[in-house]
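Visitor: My structure is below; once you've seen it, I'll send some questions.
The values are calculated or read from the model by the stated rules, or taken from the named source; none is laboratory data. Note that the structure is a prediction, hence the values are computed from the model and not measured. Every residue, glycine among them, receives a Cβ derived from its backbone with ideal geometry; neighbour counts consider all protein chains shown. Just the protein is used for accessible areas: all its heavy atoms, side chains included, with ligands, DNA and RNA removed. Shrake-Rupley method; radii C 1.70, N 1.55, O 1.52, S 1.80 Å.
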Amino acid sequence: MTTTAFKDPVREASPGAATRERRRTGRIRRAGLPYLLLLPALVLELLVHLVPMVIGIIMSFKELTQFYIRDWGTAPWSGFSNYKVSVDFNAPVGNALLHSFFVTVGFTLLSVGLCWLIGTAAAVFMQDSFRGRGLLRALFLVPYALPVYAAVITWVFMFQHDNGLVNHVLHDQLHLTGKPSFWLIGDNSFYALLTVSVWKGWPFAFLIVMAGLQNIPRELYEAAALDGAGTWQQIRRITLPSLRPVNQVLVLVLFLWTFNDFNTPYVLFGRSAPDAADLISVHIYQASFVTWNFGTGSAMSVLLLLFLLVVTGTYLLVTSRGRRASDG
């Protein structure tokens, strides 16, 4: 008696299906691995930046003073009153904020412009090989490598009225001033702050521009030299156009860093900066932690955030259109 063995189609197809399932699972795991590795950084970014930002926005709608510090959630809602106080430029609070805004804009434009100019000039100078170039490049990067607090505290001693190095050189050695100047108070405080900001900011521009110069073929300069182009013509016709994408990012980063800079003026002048150097970051700090009006300080911070978002969006839009026009 013979029996016919019937093959189970499910069992027959199961090895191939299992293989395909394992391959699909492996692809999913490989595709999800980068996101899994990024997850700790994203969670940390959420906790460090986004959560405080949301809390600050909520605080800007509350009448949060020193009486509610223990439990700020119980502070009464004030609606848009904090924003109205901040933008009322006829009142003392709004007028002081407007003055601080103009000081910050002028300071930022000068600092970014000088940092870019000095950094670009130094990078172009360091493009050619010469004896001691490596040592000079390392010295150029020292201000950027130093801790901010240590560097600014050193400048505080240098700006001292009686025994500071700046007055010793300008007044005692070069006789450029009739008497020693007060650099940390009055109108001179703006120039002191600008000097420190440029001193510690231009090496970053130098580093970025120097990296961008490495992507420019040397053959372009050699061909231009054969055609009779001088140094300035080569910089104008080759270097600057080739560095345009790098400079667009560099200027934006320098602008955001300088406009939001808090450490430099705080260490240089302390909790109360002079009117001539009243940057908006220190001004918001004073409105929050000196006058104990955290609601108004939070409203000023939100207004600053909106301003920077508008400026950044407009800058990116203009530069992207210019890049498309040049490519077309």
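Visitor: Report the calculated FRET efficiency for Leu109 and Asp162 (r = Cβ-Cβ distance, R0 = 35 Å), to the nearest 0.05.
Guide: 0.60
Visitor: Right, another one. Of all accessible surface on the chain at a 1.4 Å probe, what whole percent is carbon and sulfur?
Guide: Ligands and nucleic acids excluded, carbon and sulfur give 66 percent.
Visitor: Then there is this: Starting from 0 in steps of 10 Å, tell me what percent of the Cα-Cα pairs of the range 110-211 lands in each bin.
Guide: P(r) over the range 110-211, rounded to whole percents: 15, 37, 32, 15, 1.
Visitor: At R0 = 45 Å, how high is the FRET efficiency between Leu136 and Leu39 if r is their beta carbon distance? Nearest 0.05 is fine.
Guide: Efficiency for this residue pair is about 0.55.
Visitor: If you take the Cα atoms of the range 41-189, find Rg, then find the Kirkwood Rh from the mean of 1/r over all pairs, what is Rg/Rh?
Guide: 1.11
Visitor: Could you point to the residue in Ser181, Val209, Leu46 farthest towards the positive end of the chain's charge dipole, with +1 and -1 charges on the Cβ of Lys/Arg and Asp/Glu respectively?
Guide: Of the candidates, Leu46 comes out farthest on the positive side.
Visitor: Whole Å is fine, so just give me how far the alpha carbon centre of the range 28-102 lies from that of the range 136-165.
Guide: Cα centroid to Cα centroid, the span is 33 Å.
Visitor: Calculate how steeply helix 294-327 sits against the longest principal axis of the alpha-carbon atoms of the chain, using the helix alpha-carbon long axis, and give the answer as 0 to 90 degrees to the nearest 10.
Guide: 70 degrees
Visitor: Also, I was wondering about something else. Can you tell me how much longer the chain between Val148 and Gln127 gets when fully stretched, taken as 0.36 nm per residue apart minus their C-alpha distance, in nm with one decimal?
Guide: 4.7 nm
Visitor: Now, a different point. Checking the a/c ratio against 1.5 first, then a/b against b/c, what shape does the Cα gyration tensor give for the chain?
Guide: Oblate, since a/c reaches 1.5 and b/c is not below a/b.
Visitor: Can I ask one more? If you take the beta carbon distance between Ile58 and Arg271 as r and set R0 to 22 Å, what does 1/(1 + (r/R0)^6) give as a FRET efficiency, to the nearest 0.05? Display every interim value, and only then the final one.
Guide: Numbers: r = 26 Å, r/R0 = 1.18.
My answer for the efficiency is 0.25.
Visitor: Taking only protein heavy atoms and a 1.4 Å probe, what accessible area per residue, in Å², does the chain have with all protein chains in place? Please report the intermediate quantities before stating the final value.
Guide: Numbers: 20810 Å² over 328 residues.
Ligands and nucleic acids excluded, the figure is 63 Å² per residue.
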